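A quick write-up on the structure given underneath.
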Amino acid sequence: MTQEEKTPVRHLLSLSELGAESLSQLIARSVEFASARTGEDAPLKGKYIGIYFSKSSTRTRTSFTVGAMRLGARIVSFGPGDLQLSTGETIEDTARILSGYLDALVVRTNETQAEMDALASQDAMAIVNAMSAEEHPTQAIADLSTLLEKFGRLDDLHVLYVGEGNNTASALAYAVAQVPGMKLTLVTPKGYGLKDRTLEEAANLAQLHGSVVEHHHRIERLPSSVDAVYATRWQTMGAPKSDPGWEKIFEPFCVTPEMMAKVSKDSGTVFLHDLPAVRGADVLDQVLDGPQSLAWRQARHKLYSAMAVLEWCLTPKAVLVHDAHQKMGQAHSFQQTHR
Ligand code: CP
């Protein structure tokens, strides 16, 4: 098949440019896949998907691999060093070549967003950002679909994020900013917050969509009665921080049963973690394994969100979700399956 004969594709590079309608479709579609009501009809039969991870991954890589297979696609996997990128071929040339073979390329890199943009310099192969140094967009889709499944709505939920302002936090900020009525409070150690540019973009999106994204460093001033507490590993991608004494600075940001009790609602506050967790550092066992923890279900949602993303990228003309906005904005009960 020549490039000219290929169906148009959509890239998923950053939630900041995805658009609220597409985000809403993807979240609702993830919940549909989670309910096992759909997804076995092989909508991606005949498609070839590359999975290129230059960095380690347990959840995202497996989710995209299994998700692609469940949707009927065939996959080609590339690890670090497999492509000639590692010997100096340019990103643009690599993308141009691979787009002649593949319909989509799911990419994890520790590089900047610019690498994703360069890969997307062609339109014959969809590029999916499976985490760059700056953003982890498919994680945020899984996060919000986990919350939608649990609460049946997103529009009045308040999420408290505690820890480093990393790529997971950036994606979460962009996502929440595009859900009308939703609120995100990010509390990060001083010197380890989100980038100013990210906060500005999130603030602009929040203003446009009627949501709230706030950010501060005062761990002693946590909001009360939140719906979800969110933690991530402090050493993103396992990279040790070089700053002496950083552990001491992060210590008060550990999510403990006491912190959960302080910020929880009587009606039920949940705990989220994108995993991997460092038990005893970013979260204590009693929280991660406790009754409020949705972290394991959240990890499961990475499979469903991967399926939603691949379908969205490769079947752009399909009407994926008929009532996505209804599901985002109003109470709606979803059947939960815990496989
Ligand atoms: N949360 C997450 O992205 O996990 P992996 O690094 O294992 O893919």
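Answer rounded, prolate or oblate for segment 167-263, using the Cα gyration tensor with square roots of eigenvalues a ≥ b ≥ c: rounded when a/c is under 1.5, else prolate when a/b is larger than b/c, else oblate. List each step's numbers first, then the result.
Numbers: a/c = 2.17, a/b = 1.34, b/c = 1.62.
The shape class here is oblate.
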With a ≥ b ≥ c taken as the square roots of the eigenvalues of the C-alpha gyration tensor of segment 58-105, please select rounded if a/c is under 1.5 and otherwise prolate if a/b is larger than b/c or oblate if it is not? oblate
Name the residue from L44, S30, T62 whose Cα lies farthest towards the positive end of the charge dipole of segment 30-70, charges +1 on Cβ of Lys and Arg and -1 on Cβ of Asp and Glu. T62
Of K262/K302; K150/K183; K183/K248; K183/K241; K183/K302, which pairs sit farther than 19 Å apart, going by alpha carbon to alpha carbon? K262/K302; K183/K248; K183/K241; K183/K302
Pull up all non-local amide H partners of Y161: gap of 5 or more, or a different chain, and H-to-H distance under 5 Å with H placed in the peptide plane. T185, L186, V187, Y230
Given axes a ≥ b ≥ c from the Cα gyration tensor, I'd like to know whether segment 61-186 is rounded (a/c under 1.5), prolate (a/b larger than b/c) or oblate. prolate
Hey, what did the chain get for relative contact order, percent, Cα under 8 Å, at least 6 apart? 24
Normalise the Cα radius of gyration of the chain by 2.2 N^0.38 Å (N = residues in it) and let me know the number. 0.96
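Using just the helices of the chain, give the 222 nm mean residue ellipticity in deg cm²/dmol: DSSP H runs with n ≥ 4 each add -39,500 (n - 2.57), and the total is spread over all residues, rounded to 500. Provide the component values of the computation, followed by the final result.
Numbers: 12 runs with 124 residues, N = 339.
Value at 222 nm, helices only: -11000 deg cm²/dmol.
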Dipole magnitude of the chain about its Cα centre (Cβ charges: Lys, Arg +1; Asp, Glu -1), debye to nearest 20: 820
Rounded to the nearest 10 Å², what accessible area does H216 have for a 1.4 Å probe in the complete protein model? 30
Please name whichever of P291, I219, C254 sits farthest to the positive end of the charge dipole of the chain, dipole taken about the Cα centre and charges placed at Cβ: Lys and Arg +1, Asp and Glu -1. P291
Name the chymotrypsin sites (Phe, Trp or Tyr not before Pro) in segment 81-184 that are in a loop by DSSP and that have at most 14 other C-beta atoms within 10 Å, would you? Y101
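Normalised by the residues of segment 121-243, what does the relative contact order come to in percent, with Cα pairs under 8 Å and at least six apart?
On the way: 205 pairs, mean separation 32.7, N = 123.
Relative contact order here is 27 percent.
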Per residue, how much accessible surface does the chain expose to a 1.4 Å probe? Answer in Å², no decimals. 42
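Tell me, what is the FRET efficiency for S267 and H209 to the nearest 0.05, using R0 = 45 angstrom and their Cβ-Cβ distance as r? Show your work: numbers first, answer last.
Values: r = 25 Å, r/R0 = 0.56.
E between S267 and H209, to the nearest 0.05, is 0.95.
The values are calculated or read from the model by the stated rules, or taken from the named source; none is laboratory data. All figures in this text were calculated on a predicted structure; none of them were measured in a lab. Because the Cβ atoms are built from the backbone with ideal geometry, glycine has one as well, and the counts that use them run over all protein chains shown. All accessible areas refer to the heavy atoms of the entire protein, side chains included, with ligands and DNA or RNA removed. Shrake-Rupley method; radii C 1.70, N 1.55, O 1.52, S 1.80 Å.
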